[in-house]
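S.K.: Here it is, the structure in full.
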Amino acid sequence: MMKFFHKLGSPPYFYGFAGRLAPWLGIICLILLVIGLYDGLVVAPTDYQQGESYRIIYIHVPAAWMSLFIYMVMAVCAVLTMIWRVKIAEVIATASAPLGASFTFLALVTGSLWGKPMWGTWWVWDGRLTSELILLFLYLGIIALYNAVEDKRTAARSTAVLTLVGVVNIPIIHYSVIWWNTLHQGPTVTKLGAPSIDPRMLIPLLLMAMAFQFYYFAVVLMQARAEILERERNTAWVQQLPEVNGP
Amino acid sequence: MNGQRSLSRAFLALLRRDLVLAVRQRSEIGNPLLFFLIVTAMFPLGVGSKPQLLQAMAPGVIWVAALLAALLSLDAIFRSDFEDGSLEQILLSAHPVSVLILAKVLAHWLITGLPLLLVSPLIGVLLNLPQGATATLLLTLALGTPILSLVGAIGVALTVGLRKGGIILSLLVLPLYVPVLIFGSSAVQTAAAGIPVTGQLSLLGALLLLALSLSPVATASALRISLS
């Protein structure tokens, strides 16, 4: 088992492994997505309070979960980068940042689309919304720093430090924003109401969450492959690849 | 041997050097302060001078202005040392880098944070802040501005080698300042309403301790990366 992980740390092995794995993950994602969307948009019952517009949660909630999950993946990669200088961890963290930012953005946009008919306004300075917005800023800061540093490996280590600083800060930011809200004005916005959710609504939600996970894994592996090719373009093994070398 | 003593001597020497450098170049002390004053003076001009409006806005305005003033002066922590090479000497020294960094951050706070603290009651008067809240304003700034310097140092350490570091620095650091802004301004607001603020003050104190213990380590490793 350990041997497998050691092998996975080497770029040529990882490149081939990811290339074989990514299509399968993509296919699983597609199947889950089709079933989940059908189940969520057609089969699941209408909400007695919110009508049909609640169905946006099948995009919104998985996107919000992914926005945090991807940051955690990046944090783990940052630890691997700082302590063991694992090249693959650098590559995966780099490839994850734009994906995390997109999921965060998606969560914000869908939340705002849902908020317009429900709350009567596009944006509320609600605790969760605000902390999600700040998470987006953190992602954008990480991407900006990575792009600003010329040497890729230095850039990866710099962003690793920033990611870890962010990990310490995310809970603090989250709770401070929630307390800020309650300190000021009290809950003016009623959230999704009772926590008990009908299983017929829950199952498509979980299916969609899994679909988003597989989407992320498939895309991050493909992005990581591209990043590896770019970084290692001067090495012998890349030169010998059939897709680089030509037929 | 007497490692302990020589470490504290190195700490004090570095602190003194930075303070002397700042005193010789007074604009470094004066400019952030001037910026702080001007920014806060812009708000009444922009939103109107109704006393009640100003009073409601004062804590937030003062805190945001303090945030921006700190941000503007952050680059000075490491920039000149990076350019003349003394930063590399600090990294090469036999003493723990994080302690030396703490000396530099302390000097930065004494140069930029402390003067801010001293003029803030004046700005409170200009913005119609109730008398009772002035003490809380001072207390929150005393607890909060060191956090700004400490957290900002990490950002500066990451961007010091970059040509266009300034704008990226603000992208990195401002989201991390959110908790300080929230607790600082809400404490002042609560105090203005005559309600005790021990909760916010303890939270700010906790944040300060956390920043004090973790940020020098993060700054040290960021500097090593930037200078490698």
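The values are calculated or read from the model by the stated rules, or taken from the named source; none is laboratory data. Model, not experiment: these values are computed from the prediction. Neighbour counts run over all protein chains shown; Cβ positions are idealised from the backbone, glycine included.
S.K.: Out of all the residues in the stretch A:50-77, which are among the small types (Gly, Ala, Ser) and touching a residue at least 24 places away in the same chain (Cβ under 8 Å)? Steps first, please.
M.R.: To start, the set of residues in the stretch A:50-77 that are among the small types (Gly, Ala, Ser) comprises A:51, A:53, A:63-64, A:67, A:75.
Correct list: A:53, A:63, A:64, A:67, A:75.
S.K.: Taking the stretch B:71-121 only, how many residues are small (Gly, Ala, Ser) and under 17 Å from residue B:149 (Cβ atoms)? Spell out how you get there, then give the answer.
M.R.: Let us first name the residues in the stretch B:71-121 that are small (Gly, Ala, Ser), namely B:73, B:76, B:80, B:85-86, B:93-94, B:98, B:103, B:107, B:113, B:120.
Filter again for under 17 Å from residue B:149 (Cβ atoms), leaving B:73, B:76, B:80, B:98, B:103, B:107, B:113, B:120.
The number of residues fulfilling the criteria is 8.
Yes/no per residue for (1) at pLDDT below 95; (2) under 21 Å from the mean Cα position of the chain (by Cα); (3) among the charged types (D, E, K, R):
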{"position": "B:88", "(1), (2), (3)": "yes, no, yes"}
{"position": "B:92", "(1), (2), (3)": "yes, no, no"}
{"position": "B:95", "(1), (2), (3)": "yes, no, no"}
{"position": "B:118", "(1), (2), (3)": "yes, yes, no"}
{"position": "B:129", "(1), (2), (3)": "yes, no, no"}
{"position": "B:134", "(1), (2), (3)": "yes, yes, no"}
{"position": "B:162", "(1), (2), (3)": "yes, no, no"}
{"position": "B:175", "(1), (2), (3)": "yes, yes, no"}
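S.K.: If you take the residues of the stretch B:196-219 that are polar (S, T, N, Q) and crowded, with 18+ Cβ neighbours inside 10 Å, which of them is farthest from the chain's Cα centre (by Cα)? Give the derivation first.
M.R.: Restricting attention to the stretch B:196-219, the residues satisfying the condition of being polar (S, T, N, Q) are B:198, B:200, B:202, B:213, B:215, B:219.
Of the ones still in play, those that are also crowded, with 18+ Cβ neighbours inside 10 Å are B:200, B:215, B:219.
Values: B:200: 18, B:215: 13, B:219: 15 Å.
Among those that are polar (S, T, N, Q) and crowded, with 18+ Cβ neighbours inside 10 Å, it is B:200.
S.K.: Checking the condition part of a helix (DSSP H, G or I), touching a residue at least 24 places away in the same chain (Cβ under 8 Å) and out of contact with any Asp or Glu (no Cβ under 6 Å at 6 or more places or on another chain), which residue from A:80, A:145, A:129, A:138 passes? Walk me through it before giving the result.
M.R.: Details: A:80 fails: touching a residue at least 24 places away in the same chain (Cβ under 8 Å); A:145 fails: touching a residue at least 24 places away in the same chain (Cβ under 8 Å); A:129 fails: touching a residue at least 24 places away in the same chain (Cβ under 8 Å).
Among A:80, A:145, A:129, A:138, only A:138 is part of a helix (DSSP H, G or I), touching a residue at least 24 places away in the same chain (Cβ under 8 Å) and out of contact with any Asp or Glu (no Cβ under 6 Å at 6 or more places or on another chain).
S.K.: Residue B:131 passes all but one of (1) surrounded by 21 or more Cβ atoms within 10 Å (Cβ to Cβ); (2) away from chain A (no Cβ under 14 Å); (3) polar (S, T, N, Q); which number fails?
M.R.: (1)
Residues are listed down the side, and each one gets a yes or a no for (1) crowded, with 22+ Cβ neighbours inside 10 Å; (2) at pLDDT 95 or above; (3) in contact with a Ser or Thr (Cβ under 7 Å, 6 or more places away or on another chain):
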| site | (1), (2), (3) |
| --- | --- |
| B:151 | yes, yes, yes |
| B:180 | yes, no, no |
| B:183 | yes, no, yes |
| B:194 | no, no, no |
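S.K.: Still on this model: Please work out which residue is nearest to the chain's Cα centre (by Cα), limiting yourself to the stretch A:199-209 and to residues that are farther than 16 Å from residue A:60 by Cβ and in contact (Cβ under 8 Å) with a residue 60 or more places away in the chain.
M.R.: Selected residue: A:203.
S.K.: Could you please let me know if residue B:73 is touching a helix residue (DSSP H, G or I) at 6+ places or on another chain (Cβ under 9 Å) and of a type in the set (Ser, Thr, Tyr)?
M.R.: Taking the combined requirement at face value, the residue satisfies it.
S.K.: Read through the list (1) outside any helix (DSSP H, G or I); (2) touching a Phe, Trp or Tyr at 6+ places or on another chain (Cβ under 7 Å); (3) not hydroxyl-bearing (Ser, Thr, Tyr), then give the number of the only condition that residue B:94 fails.
M.R.: (2)
S.K.: Here is a follow-up. Out of A:23, A:12, A:45, report the one residue that is more than 21 Å from the chain's Cα centre (by Cα) and either under 24 Å from residue A:243 (Cβ atoms) or in a helix (DSSP H, G or I) (or both).
M.R.: None of the others qualify; the one that does is A:12.
S.K.: Next question, about the same structure. Which one of these is buried (at least 21 other Cβ atoms within 10 Å of the Cβ) and within 17 Å of the chain's Cα centre (by Cα): B:155, B:166, B:124?
M.R.: Criteria check complete, one pass: B:155.
S.K.: Moving to a separate point now. Restricted to the stretch A:181-202, and to residues that are crowded, with 17+ Cβ neighbours inside 10 Å and either within 14 Å of chain B (Cβ to nearest Cβ) or modelled with pLDDT of 85 or more (or both), which residue is nearest to residue A:23 (Cα to Cα)?
M.R.: The selected residue is A:181.
S.K.: If you don't mind, another one. I'd like the full set of residues that are in contact (Cβ under 8 Å) with a residue 60 or more places away in the chain and more than 8 Å from every other protein chain (Cβ to nearest Cβ), limited to the stretch B:205-214.
M.R.: The answer is B:205, B:208, B:211, B:212.
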